[in-house]
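What follows draws every value from the coordinates through simple rules; no lab data is involved. Small disclaimer: the values here were computed from a predicted structure and weren't measured. Heads up, the Cβs are rebuilt from the backbone with ideal geometry, glycines too, and the neighbour counts pull from every protein chain shown.
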Amino acid sequence: MSEAYERERQNNARLDELSAKVSALRGVTIDIYDQARAHEVIDSTNETFSSMSSQIKGSAGRLTRMAASGNKVAIFKLSGILIGIVLVLYYMWRLFS
């Protein structure tokens, strides 16, 4: 009887060890998944900023050509756009600060 009890105790101890290992493995898997998801978000953000950068460069080039043409209405539009951008950035800065 005591031999059966000893084997049962050993089985329970091994089962507890196995349960701890499975829990640790689950934690590692969740951490890997979280890091992969964060990396995807970083890649997506990087692509978005890259696209936005190229769009801003194109817009700046068009605005420069428009201002260089000497058209007064175009220069007023450019000035209004620049003032608007500065105001939006200022209010965003104050909102997040």
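Annotations for the structure displayed:
- Vicinal HN-Hα couplings computed from phi for segment 53-65 (Karplus, 6.51 cos²θ - 1.76 cosθ + 1.60; Hz; Gly/Pro x): 4, 5, 5, 5, 4, x, 5, 5, x, 5, 5, 5, 5
- FRET efficiency for the Phe96 to Gln35 pair, using the beta carbon distance and R₀ = 35 Å, is estimated at 0.85.
- When shorter helices are ignored and each DSSP H run of at least 4 residues is given -39500 (n - 2.57), the per-residue value for the chain at 222 nm works out to -35500 deg cm²/dmol.
- Shape of segment 41-97, Cα gyration tensor, a/c cut at 1.5: oblate
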